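Contents: one structure, followed by commentary.
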Amino acid sequence: MDAPRSSERLLILTLERYGVWLRSGVVFPCSALGIVLADVADTPLAMSLLLPAVLACGVRLYALRRPLRPALLWTLDAAVLVLTGLSQPVLGGDGANVMVEAVVGICVVAFQYEWASRPVAGVGLAMVGVVVCVMGDVLSSPGQSPDAVSLVRMFVQVSLSRAAYLMVRARARAADRSAAARAASRREAAVAAARRATEREYLATLHDTASATLLMVSQGDGRDWSWLSPRARQDLEALSAMPGFETGSVDLAALLGCVPEGEGPARVQLNTRIDGPLVIPSGPGLAIFNGVREAVTNVGRHAGVRQAQLRAWAEENGVVVELFDAGRGFDPQSVPARRRGISGSIIGRMHTVGGSASVTSRPGTGTRVQWRWHGRARPSQAADGAQVTGGVPRPHRVQAQHTAAVRLIRGQFLYGAQLAVLLISVVWQFTVSLRRLTVHQDVYRPAWAQTAAFVCLAAVAVIGGAYLLRGRQIPPRTRGWSLGSVLAVSAVCAFTLPPEQATGPADWAFGVVGWHALFLLADLRARVYAAFLGAHMGLNATAVVLSGAPSTAESAVMGISTISACGFQFSVGVLVTRLLHGTAPAAGTAAAREEELRTRERIHEHMQRDHKKRYRALTATTVPLLVGLGHGALSPHDEEVRLRCGVEAARMRRLFAENDAVSDPLLNELRACVEVAEDKGVTVSLAVRGQHGEVPVEVRRELIDPVTVILGRTRSTARLTVVWTPGAVRVSVISEDCADDSSTRQNAQTHGRATDSKVNVARTTRGKSVWVEASWRRPVAGGVDLT
Amino acid sequence: MSDNAPVGVVVVDDHPAILSGVEAWYAASRRPITVVAAGASVQEAWTAPGDTADVVLLDLQLGEGGPAFGSLRRLVDAGRQVVVYSMRDDERTALNCLDLGAATFLTKSEGRQHLVEATLAAADARPYMPPALAGALGTNTRPGRPHLSAREENVLIEWFQSESKELVAQRLGISVRTVNSYLDRVRIKYANVGRPARTKASLVARAIQDGLVDVDDL
């Protein structure tokens, strides 16, 4: 089985602390009381027994902070029991009997929580407790048989404690399970979002670097290529750099100070005015920087001016960067979706990091590009990596998730606690209380009143239990009536019982009404419950006092009984409050932290894998080209090199088009390749026949790649067709004058053949004409034989 | 009609540039083709001298209205051989025209290579299959379409893709003649399931007479 998750783990921890403190809270005062009450002659012996017991409790308390070996702790716990039991005959008297019984009774209950995760140890200690009680009784009053009733009661208490723990733990596990399920789906979403964001960033980088460079090489001849080698090397670096978690901050002012102005005829003189420093997180900082770089390149390419103004300033909790040129301008609406300079490199990048970018332009009025980024207050937990998951304002979402998780855990804890307390109420009422009621019928005045009270209390439990077991909360009115009934039961029982019997063996009600009330009040703060217990004790005290003041000894016994019953109940009330308002939020926070950690691990894993995959896809084709260009082994004056660059540029254009939301992605990607060819001056006719259908992305890659290669090498005219039959999709290109293709043939076959997607490529040449067809059998029914 | 007799054509097209282009192509034909009448309205085909032309060359998109399917139907019903010559390059239009009984369907971008041959074929009631039409027939999924063999379908598609019978023949390892016979057979099959019309009957009759198809095939 898995290790306990946050709710269960923290539940166990809280219960352990509760157990230890409860026990210490009983052992310390009782020991002190015992030493004080002991005869002077017995004091040294009592002290030598009780002081080590206190000390053992102290060590256990200390061990809450610094865990010790369980075996040692168990021995200490057993020692407390044995020492307390041994002190019973030493102290002597009724008071000692009641006190020791109370201490051992509380201890064995406390051990069930202290050792909740080691039930054998808990049960072992309970048995030690039983032995100690028997031993104490035998030693202090030899000849008398031990009190079987109190032993049975102890057994009931221990069983109930364990049962209560198991019930609450079951709910904690349920909470953990459902939280884990939710977390898993959220994690998938976060991972997917991060992967998409990285993919977008990667494509934007590719667009600005390798794609732009290769396109320029493919289109140009006889110009100054001196800039090419360093640029190709830079591109290579940009491609191999792993995108992703940039942490820390950057000074945007410093970054913008080194925006490249371009080379040669495309150089743009920047008139820069920056009110620095502008320190922002590095994610948005780099997005703005990369966007500005691309925008400056655009000015050089399209605006027809050689100057631009770059300004940047701080705005409340953010920055604004603006690039303006007085060039020829354009209509942003008319830019085709497949042109990615603006949509991907400038706007898309800013969206990814939670900022925004806008392009304002009209023909003849110049162009203004503006980037905005605003910081947001981050929550204490899970702030890191916020920029990875995309443009959604994360802190708010995290807060909402956290609240929802805490509410879930709290709900389960409450349900478990209510069930557990209900169980205790019912079992206690129908075992210990019922026995007392029947045995002492002759004591009550009148007896029917006590019987009626018993029935009334049972009714309260049944009604409340009915709501609870149907998974509903008790309505406020019912709760009010029930509480009133419980108090009435307390009053009736107090006033129809002879005062000297109060809290004694005949008083079946005193110890049990507190459980019924706790069951009703579990979701409220402990002080409400304390008020009830106060009223309950007040009623009983009033009844006792009204019929004459009790003796000191009687008061002492009553006091000890009261404390051991109500005090214990109150401690459970405090525990429930603690669980709901301390443990549940802590468990929620811990769960969130674990989730965040796991998410980041997964994201990191995926990003590394994705990056390797993407880079591998480029190593066969783009990387060798860039390496050759970067080190001068390939010359842009060589036509073959230019043709290869054109093919690569077209492949990248197709890659960029891959994520477009269009109804016919195959045609969209083909058009992206056609555009590159047309930019080179090739006439391409494109004809489509048949009803288009779904083609997986990896199949599209293989279908289109041969087309890309042929189009890239075509000098004047090509015909491109897509034929959809019910059984297949066939993409064909026929080029009337394809440049010599000794390498093409190989390329067309090797590129992108990682998948076994059954794309058939057929090739026919006749004179200068080259005809290549890539076909894929569609998985749908319909039998058209391709060959 | 004998295989070398001159052919008379009435050209219905509302674009003067197209008209003159068509006349120039016809003038270059090895077998004389005469444009007996030309105009922007279908009326030309119903009135002298156009009403006796062997072939009607019909632009489907006349004026502002939609495709002139009604005019086509009336011409076919009157027993005329109609070559539809259209800007529209989609399979729906091509299939509709064929269903209505057009002799063949040509897109305007195919004019230079195929107009003369298509006209002569129509005059002789011989089948003719330009690439755009072949693409439409090869991907036809309409109910009631004739059953084509896999080879026939493949030839149709490859002819559409390459626009070169030589390349198709080379790829399939057959002769250009065989490629043509596949295409013709498909055309006959379509004619056989099409609307009853005199043109259809003559197409099928001629095909059987030429030994293109067996009566058993149909």
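The values are calculated or read from the model by the stated rules, or taken from the named source; none is laboratory data. Just so it is clear, the structure is predicted and the values come from calculations on it, not from any experiment. Glycine gets a Cβ as well: all are built from the backbone with ideal geometry, and neighbour counts include every protein chain shown.
Okay, here's what the table says:
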| read-out | value |
| --- | --- |
| Residue identified as under 49 Å from the mean Cα position of the chain (by Cα) and closer than 30 Å to A:Val191 by Cα among A:Leu597, A:Leu487 | A:Leu597 |
| Selected residue [touching a helix residue (DSSP H, G or I) at 6+ places or on another chain (Cβ under 9 Å), on the phi < 0 side of the Ramachandran plot and at pLDDT 90 or above] from A:Val460, A:Val432, A:Val443 | A:Val460 |
| Qualifying positions in region A:710-741 - closer than 18 Å to A:Ala687 by Cα and among the hydrophobic types (A, V, I, L, M, F, W, C) | A:Ile710, A:Leu711, A:Ala718, A:Leu720, A:Val722, A:Val723, A:Trp724, A:Ala728, A:Val729, A:Val731, A:Val733, A:Ile734 |
| Qualifying helices (runs of 4 or more DSSP H) (wholly inside region A:522-595; at least 1 residues being at pLDDT 90 or above and out of contact with any Asp or Glu (no Cβ under 7 Å at 6 or more places or on another chain)) | A:526-546, A:568-578 |
| Any hit, region A:82-94, residues being farther than 23 Å from A:Ser564 by Cβ, assigned to a helix (DSSP H, G or I) and of a type outside the set (Asp, Glu) | no |
| Cβ pairs under 8 Å, 6+ apart, first in region A:124-142 and crowded, with 16+ Cβ neighbours inside 10 Å, second at pLDDT 85 or above and not in a helix (DSSP H, G or I) | A:Leu125/A:Trp115 |
| In region A:21-35, the residues that are buried (at least 22 other Cβ atoms within 10 Å of the Cβ) and either without any contact (Cβ under 8 Å) to a residue 60 or more places away in the chain or within 30 Å of A:Ala180 (Cβ to Cβ) (or both) | A:Ser31 |
| Candidate set: region B:164-188, residues that are among the small types (Gly, Ala, Ser) and within 14 Å of chain A (Cβ to nearest Cβ); chosen: the one nearest to the chain's Cα centre (by Cα) | B:Ser164 |
| Which numbered condition A:Leu686 misses (of (1) more than 30 Å from A:Leu228 (Cα to Cα); (2) out of contact with any Leu (no Cβ under 6 Å at 6 or more places or on another chain); (3) within 14 Å of another protein chain (Cβ to nearest Cβ); (4) free of Cβ contacts under 8 Å to residues at least 60 places away in the same chain) | (2) |
| Single residue of region A:758-787 satisfying the filter (modelled with pLDDT under 55 and within 10 Å of chain B (Cβ to nearest Cβ)) that is nearest to the chain's Cα centre (by Cα) | A:Gly782 |
| Filter result (in contact (Cβ under 8 Å) with a residue 12 or more places away in the chain, closer than 29 Å to A:Ala541 by Cα and polar (S, T, N, Q)) within region A:552-602 | A:Ser561, A:Thr562, A:Ser564, A:Gln569, A:Ser571, A:Thr577 |
| Extreme residue, surrounded by the fewest Cβ atoms within 10 Å (Cβ to Cβ), among residues of region A:708-726 that are facing another protein chain (nearest Cβ under 10 Å) and not polar (S, T, N, Q) | A:Pro726 |
| Unique match (being hydrophobic (A, V, I, L, M, F, W, C) and either assigned to a helix (DSSP H, G or I) or more than 43 Å from the chain's Cα centre (by Cα) (or both)) among A:Leu68, A:Leu45 | A:Leu45 |
| Residue among B:Ala150, B:Ala136, B:Ala125 that alone is buried (at least 20 other Cβ atoms within 10 Å of the Cβ) and more than 26 Å from B:Gln209 (Cβ to Cβ) | B:Ala136 |
| Residue tally, condition modelled with pLDDT of 85 or more and assigned by TED's automatic domain parsing to the domain that holds A:Asp77, over region A:133-164 | 0 |
| Which numbered condition A:Glu669 misses (of (1) within 14 Å of chain B (Cβ to nearest Cβ); (2) surrounded by 19 or more Cβ atoms within 10 Å (Cβ to Cβ)) | (1) |
| Within region B:153-201, considering residues that are in a helix (DSSP H, G or I) and among the acidic types (Asp, Glu), the one surrounded by the fewest Cβ atoms within 10 Å (Cβ to Cβ) | B:Glu166 |
| Whichever residue in region B:51-103 is within 14 Å of chain A (Cβ to nearest Cβ) and out of contact with any strand residue (DSSP E or B) (no Cβ under 8 Å at 6 or more places or on another chain) and, among such residues, is surrounded by the most Cβ atoms within 10 Å (Cβ to Cβ) | B:Leu95 |
| Any chance A:Val299 is among the hydrophobic types (A, V, I, L, M, F, W, C), modelled with pLDDT of 85 or more and crowded, with 20+ Cβ neighbours inside 10 Å | yes |
| Some residue of region A:35-46 being aliphatic (A, V, I, L, M), modelled with pLDDT of 85 or more and touching a Leu at 6+ places or on another chain (Cβ under 9 Å) | no |
| Count of region A:534-553 residues which are in contact with a Pro (Cβ under 9 Å, 6 or more places away or on another chain) and surrounded by fewer than 18 Cβ atoms within 10 Å (Cβ to Cβ) | 5 |
| Qualifying residue in region B:28-37 (condition: touching a Phe, Trp or Tyr at 6+ places or on another chain (Cβ under 7 Å), crowded, with 16+ Cβ neighbours inside 10 Å and either in contact (Cβ under 8 Å) with a residue 40 or more places away in the chain or farther than 17 Å from B:Ala78 by Cβ (or both)) | yes |
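Conditions (1) within 37 Å of the chain's Cα centre (by Cα); (2) buried (at least 21 other Cβ atoms within 10 Å of the Cβ); (3) among the charged types (D, E, K, R), marked per residue:
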{"site": "A:Phe155", "(1), (2), (3)": "no, no, no"}
{"site": "A:Ala164", "(1), (2), (3)": "yes, yes, no"}
{"site": "A:Ala180", "(1), (2), (3)": "yes, no, no"}
{"site": "A:Arg195", "(1), (2), (3)": "yes, no, yes"}
{"site": "A:Trp225", "(1), (2), (3)": "no, no, no"}
{"site": "A:Ala241", "(1), (2), (3)": "yes, no, no"}
{"site": "A:Asp251", "(1), (2), (3)": "yes, no, yes"}
